[in-house]
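In what follows, a single structure is set out as structure tokens and then discussed.
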Amino acid sequence: MHEVEAYGDVTRVRLWNAPSRAVGMHVSVYLVRGILVDAGFPNASAEVGALLERLKPRALMLTHWHEDHAGNAALAVSRGIPVWLDPATEEMLVKRPGLRAYRLLTWGRPAEWIAPRERFVPELEPVHTPGHSHDHQVLWDASTGTLFGGDLWLGVRAKMMHEREDPYVLVASLQRAAALAPERMFDAHRGLVKDPVKALDAKRAFWEEMLGAIETRLRAGDSVRSILRTVMGGEELTGYASLGEYSRRSVVLAVAKRVL
Ligand SMILES: [Zn+2]
């Protein structure tokens, strides 16, 4: 299922299916000046295939390798659409790591990667902003002050993180994106963010405070379990469903690794 929204020069296509809706999730791809930003999830491949036919993007650019963003990149390549993606993103698409059940059920597993015949010379500036994933890029359109934020922001109070990612790196990335002084931002899940500098700064402040509180509790000898309850307000449903892969617990563990 999908829904199209127009924002002047930017078209948002919001994609979801029954399993993703059940957990309140949807993801958006954007079309700007004929460039498609991200490709949606594999379980929506038939729909995305029809959209490619209808929208006829002249290029695809990817923010990161996660299956809800890069899931139909191989499909776009097979249709002869020139692609830009970071080498670190391509490495993950080639690797095709196994996904846990919650991701397979919601988004599906990307098809085998096909090396693009034609590489797109990026017309939106990729800015490396790791933290959500090591390969994460925001795509910057300086001519209109528009930032395609991928999964960098996701709301001020989103407190989950993938295991193996570093929350301190995320804080630096939020600062890097805010320094571009975007006038508007399109978040891959939350859509249009009208005052992005304020939103990015608010999230950075929220995370800095949260990380500081976790550090203090760890140094005082509190356990991860107790900090998860007191500072983080307990685990989220996704944290359990992902068996901790994408969770609040991952944030506490990452701080513990640095502090202890
Ligand atoms: Zn992601």
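Scan V193, V171, V197 and give me the residue that is under 18 Å from Y246 (Cα atoms) and of a type in the set (V, I, T).
Details: V193 fails: under 18 Å from Y246 (Cα atoms); V197 fails: under 18 Å from Y246 (Cα atoms).
The match here is V171.
Does the range 38-59 contain any residue that is among the charged types (D, E, K, R), modelled with pLDDT of 95 or more and surrounded by 24 or more Cβ atoms within 10 Å (Cβ to Cβ)? Yes, the range 38-59 has at least one match.
Hey, can you tell me all the residues within the range 37-71 that are over 14 Å from Q137 (Cα atoms), assigned to a loop (DSSP other than H, G, I, E, B) and either touching a Pro at 6+ places or on another chain (Cβ under 8 Å) or within 16 Å of the ligand (Cβ to nearest atom) (or both)?
Filtering the range 37-71 for residues over 14 Å from Q137 (Cα atoms) gives 39-59, 67-68, 71.
Next cut, assigned to a loop (DSSP other than H, G, I, E, B) only: 39-41, 56-58, 71.
Answer for the range 37-71, where residues must be over 14 Å from Q137 (Cα atoms), assigned to a loop (DSSP other than H, G, I, E, B) and either touching a Pro at 6+ places or on another chain (Cβ under 8 Å) or within 16 Å of the ligand (Cβ to nearest atom) (or both): A39, G40, F41, R58, G71.
Would you be able to tell me the number of residues in the range 132-148 that are of a type outside the set (A, V, I, L, M) and away from the ligand (no atom under 11 Å from the Cβ)? Can you show your working first?
At the first step, the residues of the range 132-148 found to be of a type outside the set (A, V, I, L, M) are 132-137, 140-141, 143-146, 148.
Subset that is away from the ligand (no atom under 11 Å from the Cβ): 134, 137, 140-141, 143-146, 148.
Number of matching residues: 9.
Residue count for the range 72-89, restricted to those that are open to solvent by 30 Å² or more (accessible area, probe 1.4 Å) and either on the phi > 0 side of the Ramachandran plot or more than 16 Å from the ligand (Cβ to nearest atom) (or both): 6. For the range 195-238, what are the residues that are among the β-branched types (V, I, T), surrounded by fewer than 20 Cβ atoms within 10 Å (Cβ to Cβ) and modelled with pLDDT of 95 or more? Selection gives V197, T216, V224, T230.
In this structure, does A88 turn out to be aliphatic (A, V, I, L, M) and without any contact (Cβ under 8 Å) to a residue 60 or more places away in the chain? Spelling it out, A88 is indeed aliphatic (A, V, I, L, M) and without any contact (Cβ under 8 Å) to a residue 60 or more places away in the chain.
For Q137, state whether it is closer than 15 Å to H69 by Cβ and either of a type outside the set (D, E) or in contact with an Asp or Glu (Cβ under 8 Å, 6 or more places away or on another chain) (or both).
Values: closer than 15 Å to H69 by Cβ: yes; either of a type outside the set (D, E) or in contact with an Asp or Glu (Cβ under 8 Å, 6 or more places away or on another chain) (or both): yes.
When the stated conditions are applied, Q137 passes them.
Return the residue satisfying two criteria in turn: it lies in the range 21-31 and is over 12 Å from L60 (Cβ atoms) and aliphatic (A, V, I, L, M), and of such residues it is least open to solvent (accessible area, probe 1.4 Å).
Step one: of the range 21-31, the residues over 12 Å from L60 (Cβ atoms) are 21-28.
Imposing the further condition that a residue be aliphatic (A, V, I, L, M) reduces the set to 22-23, 25, 27.
Values: A22: 87, V23: 88, M25: 71, V27: 0 Å².
Residue satisfying both the conditions and the ranking: V27.
The values are calculated or read from the model by the stated rules, or taken from the named source; none is laboratory data. Nothing here was measured: the structure is a model prediction, and the numbers come from that model. Note that each Cβ is placed from the backbone with ideal geometry, even for glycine, and that neighbours are counted across all protein chains shown. Areas reflect the complete protein model, heavy atoms only, side chains present, ligands, DNA and RNA absent. Shrake-Rupley method; radii C 1.70, N 1.55, O 1.52, S 1.80 Å.
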